[in-house]
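Engineer: Attaching a single structure in structure tokens format; questions to follow.
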Amino acid sequence: MLRDERSEHRISAMWALKQTGWWQLIGEVGRLAKADENIRVRRYALGLLKGIAELAGEQEKAKAG
């Protein structure tokens, strides 16, 4: 679904990744954030990447603290 020609399906696929925490496809989300033709898809992917980065930072703080 991440490579579907329909932007709604690409967004839906990213939503599913977020809900399941299946981050093996994070590189594909990065590709969508960088190069997708649809601005909605790029924005959603970028927001997802930012959320992952924030979560990772919080987990690192918890480990250190």
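Engineer: In the stretch 19-65, how many are among the β-branched types (Val, Ile, Thr) and surrounded by 12 or more Cβ atoms within 10 Å (Cβ to Cβ)?
Structural biologist: Qualifying residue count for the region: 4.
Engineer: How about the stretch 11-41: which of its residues are closer than 15 Å to Ala56 by Cβ and charged (D, E, K, R)?
Structural biologist: If the condition is that a residue be closer than 15 Å to Ala56 by Cβ and charged (D, E, K, R), then Lys18 is the only one that fits.
Engineer: Every residue in the stretch 36-65 that is among the hydrophobic types (A, V, I, L, M, F, W, C), under 15 Å from Arg6 (Cα atoms) and over 13 Å from the mean Cα position of the chain (by Cα), please.
Structural biologist: Once the filter is applied, which keeps residues that are among the hydrophobic types (A, V, I, L, M, F, W, C), under 15 Å from Arg6 (Cα atoms) and over 13 Å from the mean Cα position of the chain (by Cα), the stretch 36-65 yields only Ile39.
Engineer: Answer yes or no as to whether Trp15 is modelled with pLDDT under 95 and either loosely packed, with under 11 Cβ neighbours inside 10 Å or hydroxyl-bearing (Ser, Thr, Tyr) (or both).
Structural biologist: Spelling it out, it is not the case that Trp15 is modelled with pLDDT under 95 and either loosely packed, with under 11 Cβ neighbours inside 10 Å or hydroxyl-bearing (Ser, Thr, Tyr) (or both).
The values are calculated or read from the model by the stated rules, or taken from the named source; none is laboratory data. Predicted model, so just to flag it, every value in this text is computed and none were measured. So basically every Cβ, Gly included, is an ideal-geometry build from the backbone, and we count neighbours across all protein chains shown.
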